[in-house]
Amino acid sequence: MTGADRPRHVLVVANETVAGKSLTEALDRRAVDGAIRVTVVCPISQPREGYVVYQDTRRAAARRRLDRTLELLRAHGIAADGFVVDADPVEAVRDSFAQLVPPPDEIVVSTHPEERSGWLRRHVVERVRSVAGEIPVEHVVVDLQREGGPANVLVIANETVVGSPLLDRIRQRARQSPASFLILSPQSDPGVSPHPEAERRLRLVVGLLRSEGIDVHGEIAHPDPYTAAVHAARDERVDEIIVSTFPGTKLSSWLRGNLVERLRKDTGVPVEHVEGLPGASREILEVM
């Protein structure tokens, strides 16, 4: 098939928004003007600090979103394939240029609206245009809240992460409407790289909630809970925050530091406070 006869090759770069209606509608409009072939790349970026517990949960969630999109595009008669990559979106585009045959004729970058998009805060669209050179790049904004997509709920908890009050609240929130949960456990000691108890708590909670069908993953994070939460809200879309602490300022240094109110003021999203009981975490871990 000659270049003039082959379908126009469209490279789509998207992660959380890959299953959004606005993106699939933009691709449908292209198909009206002539045959297209779509390759979808879903980049999964590593957190800037700390490390991921159950990294596969991010990959699996991205793969599920990608599969839904590919199925929909194929149902509309559009040839489509795609893959999930562990890379920055700009690096993913560079890699695609080297690997895709034929190379893309145009690029579509899909993001959340500006106020919720970590990619836009990192100037990803402009950087992709710089890498793309003469290849046209379109930016499609997908508002998952308006479209009824799942909310991203950020959970900040350390020793209380395995307590019943927090687990019950996460379960209750998951029943209310579709939601994906990221649990951050701030490091107890920033000078020591291993955090076996924090990791053990996270693995227990993530495994338990996943077994109940809840979309959740966890990270060991910056030792300051405010910094950890703000970094997460800067890098990813965050729609809600749940903070779990010991009760009262006498037991909780986080409450003494006015963490809940600071996050409400500085993130601009709803912040809920859940109190856990001292000692419950250790008792549960000893039973496991």
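Computed from the coordinates by the stated procedures, all read-outs in this text should not be read as laboratory data. Since we're looking at a predicted model, the values are computed, not measured. Cβ placement follows ideal geometry from the backbone for every residue including glycine, while neighbour counts extend to all protein chains displayed.
Annotation for the stretch 3-32 versus the stretch 70-128: alpha-carbon center distance of 10 Å. Between the amide H of Asn152 and those of Ser180, Asp239, Glu240, distances stay under 5 Å, these residues lying 5 or more places away or on another chain, with hydrogens modeled in the peptide plane. If exposed GluC sites (Glu not before Pro) are those in a DSSP loop with at most 16 other Cβ within 10 Å, what is the longest stretch of the chain that has none? The answer is 1-133. Using a simple spin-label model with pseudo-atoms 7 Å out from Cα toward Cβ, Glu138 and Arg63 lie 3.0 nm apart. Between amide H atoms placed 1.01 Å from N, distances below 5 Å from His273 occur with Val243, all of them 5 or more places distant or on a separate chain. Only helices enter this figure: runs of n ≥ 4 DSSP H residues, each worth -39500 (n - 2.57), summed and divided by the residues of the chain, yield -12500 deg cm²/dmol at 222 nm to the nearest 500. Close amide H contacts of Glu138 (hydrogens built in the peptide plane, cut-off under 5 Å, sequence separation of 5 or more or a different chain): Ile107, Val108, Val109. Two numbers describe the Cα atoms of the stretch 150-287: Rg and Dmax, which are 13.8, 40 Å. Applying both filters, DSSP loop and at most 16 other Cβ atoms within 10 Å, to the trypsin sites (Lys or Arg not before Pro) of the stretch 110-167 gives Arg122. Here the chain is treated as a sphere whose radius is the Kirkwood value from Cα pairs; by Stokes-Einstein at 10 °C and 1.306 mPa s it diffuses with a coefficient of 78 µm²/s.
Taking the Cβ-Cβ separation of Asp81 and Arg262 as r and a Förster radius of 51 Å, what is the calculated FRET efficiency to the nearest 0.05? Efficiency, rounded to the nearest 0.05: 0.70. Once the Cα atoms are used to define both axes, helix 89-99 deviates from the longest principal axis of the chain by about 40 degrees.
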